[in-house]
Amino acid sequence: MSKVLEGVRVLDFGRYIAGPFCAALLADMGAEVIRIERIEGGEDRYTSPIAEDGTGAAYLQMGRNKLGMTLNPIKPEGKEVVARLVKTADVVIANLPPQTLKAMGIDYESLTAIKPDIILTWISTFGAGGPYSNRLGFDGLGQAMSGAMHLTGPEDQPVKAAVNYVDFGTACLSAFGTMSALLEREKTGKGQIVEASLYRTALNFAGNFLTEQSVLNLNRHGTMNRLQMCAPGDTYKTKDGWVLVQTVGFAMFERWANLMGEDHWLDDPRFKDDISRGDNGEIVSERLGRWCAERTTAEVLAAFEESKLPAGSVYDLQQALDDEHAQAIGAFRDLEYPGTPKVPKVADTPISLSRTPPSIEKRAPTLSEHTDQIMAELGYSRDEIARLREKRII
């Protein structure tokens, strides 16, 4: 079965999450993706190590479906390898500073001199054009500077989400932009720059709060897990765990009030609409908190399901892996990797297509696993490959 991006070659110069996960999504869609990293391996290869050689959990997710080669693109002979690679490529992905792109010969001007219709997907922390453009940063800066951390913790303590949602969100948007550029190139024959940044992703994800602030100047503060624009919406302790409840709209509130035996609240002006219920969310949460504390998690979830109200268990990591729904839908793939004590589980592609579905077909490459293969395809002889390896060009 053919895939959407079959025949497209992507050079992945990305690091950590935003660039590499963008490339991984394109690979799931059928693109041939070559991950290019330093001779000794990039730092992102060794984050959260789980294999004997130090390879980390994040790399196994970001590196699936890719070919892997090592290269020093700064040296002149390395630049020649880059040029040969670019001649064969459709897309270059890099989340590196502009000066580093220039030094590696993968800035847009250098790329188009080699292949005029190339697409450069460039991801940075802050994007071009502003006073922060040359600053380095990670996911946490997006969370901090979008107002999200301010809203996530208690009033006097901002809290960062442990999951790097800004990085992953930027990767998904970058993949969307890259596929759009490929589609446009089919029409015009021209490439272009696809630009994304962690900062703009974070501002978009916090957009409803920022828009409200721009109009009403409410200066909201953190309320932990309790929602501010509707109720009930919070985490609640049960006899044997925790649940999260989230409702929106009067119909759900009516069903909840009846379940609580508080149907008189339906005529209470404090709870007349979502925003009023959010403003009085402490009252609503206190009532539901008492109700949940008298029941097990299973009892709470059963009652909410019967009343057609959204609720779910607050899982630890092992419970998330073991969930029966996750297993039924094939949310994880078992991908063997050399030197791991158990077969790693990697989250499968989060979207599907009915006729040309994406898929994860191979594990992340070991360090330099496909270097010789790729170099031979570029026209290098066996002796030339050996000489370049001896000089630590590859």
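The values are calculated or read from the model by the stated rules, or taken from the named source; none is laboratory data. Being a predicted model, the structure only gives us computed values, none of them experimental. Don't worry about glycine lacking a Cβ; one is built from the backbone with ideal geometry, like all the others, and counts go over all protein chains shown.
Looking only at the range 100-124, residues that are surrounded by fewer than 18 Cβ atoms within 10 Å (Cβ to Cβ) and hydrophobic (A, V, I, L, M, F, W, C) come to 3 in all.
Here is a check on your reading of the model: is Val10 part of a strand (DSSP E or B) and either at pLDDT 95 or above or among the hydrophobic types (A, V, I, L, M, F, W, C) (or both)? So Val10 fits the description; yes.
Of the helices (runs of 4 or more DSSP H) lying entirely inside the range 163-216, those containing at least 2 residues that are under 21 Å from the mean Cα position of the chain (by Cα) and of a type in the set (Ser, Thr, Tyr) are 165-188, 198-205. Does Leu173 count as without any contact (Cβ under 8 Å) to a residue 40 or more places away in the chain, of a type in the set (A, V, I, L, M) and surrounded by fewer than 18 Cβ atoms within 10 Å (Cβ to Cβ)? Spelling it out, it is not the case that Leu173 is without any contact (Cβ under 8 Å) to a residue 40 or more places away in the chain, of a type in the set (A, V, I, L, M) and surrounded by fewer than 18 Cβ atoms within 10 Å (Cβ to Cβ). Flag set for Lys342, criterion: under 26 Å from Tyr59 (Cβ atoms) and not hydrophobic (A, V, I, L, M, F, W, C). Can you find even one residue in the range 374-386 that is under 20 Å from the mean Cα position of the chain (by Cα), exposed (fewer than 12 other Cβ atoms within 10 Å of the Cβ) and assigned by TED's automatic domain parsing to the domain that holds Ala83? So far as the range 374-386 goes, no, none of its residues is under 20 Å from the mean Cα position of the chain (by Cα), exposed (fewer than 12 other Cβ atoms within 10 Å of the Cβ) and assigned by TED's automatic domain parsing to the domain that holds Ala83. Please tell me if Met229 is surrounded by 13 or more Cβ atoms within 10 Å (Cβ to Cβ) and without any contact (Cβ under 8 Å) to a residue 60 or more places away in the chain. Spelling it out, Met229 is indeed surrounded by 13 or more Cβ atoms within 10 Å (Cβ to Cβ) and without any contact (Cβ under 8 Å) to a residue 60 or more places away in the chain.
Each residue in the range 258-279 was checked for being within 37 Å of the chain's Cα centre (by Cα) and either surrounded by 15 or more Cβ atoms within 10 Å (Cβ to Cβ) or assigned to a helix (DSSP H, G or I) (or both), and 7 of them qualify.
Restricting attention to the range 305-321 and to residues that are within 23 Å of the chain's Cα centre (by Cα) and not polar (S, T, N, Q), the residue that is farthest from Asn225 (Cα to Cα) turns out to be Leu321.
The helices (runs of 4 or more DSSP H) found entirely in the range 26-134 that carry 3 or more residues being closer than 20 Å to Gly7 by Cα and of a type outside the set (Val, Ile, Thr) are 76-87.
Of the candidates Ala251, Ala202, the single residue that is farther than 30 Å from Gly130 by Cβ, at pLDDT 95 or above and among the aliphatic types (A, V, I, L, M) is Ala251. The single residue among Ile74, Ile39, Ile50 that is over 22 Å from Val194 (Cβ atoms), assigned by TED's automatic domain parsing to the domain that holds Gln192, touching a Pro at 6+ places or on another chain (Cβ under 7 Å) and among the hydrophobic types (A, V, I, L, M, F, W, C) turns out to be Ile50. Put simply, of Ser214, Ser180, Ser197 the only residue that is assigned by TED's automatic domain parsing to the domain that holds Arg15 and without any contact (Cβ under 8 Å) to a residue 60 or more places away in the chain is Ser180.
Selection of the range 94-109 for residues being modelled with pLDDT of 95 or more and touching a helix residue (DSSP H, G or I) at 6+ places or on another chain (Cβ under 7 Å) yields Ala94, Ile106, Asp107. With respect to the conditions (1) surrounded by fewer than 14 Cβ atoms within 10 Å (Cβ to Cβ); (2) closer than 26 Å to Leu266 by Cβ; (3) among the hydrophobic types (A, V, I, L, M, F, W, C), Val245 lacks only one, and its number is (1).
Criterion first (at pLDDT 95 or above and either surrounded by fewer than 23 Cβ atoms within 10 Å (Cβ to Cβ) or farther than 30 Å from Asn219 by Cβ (or both)) does Tyr59 satisfy it? Yes.
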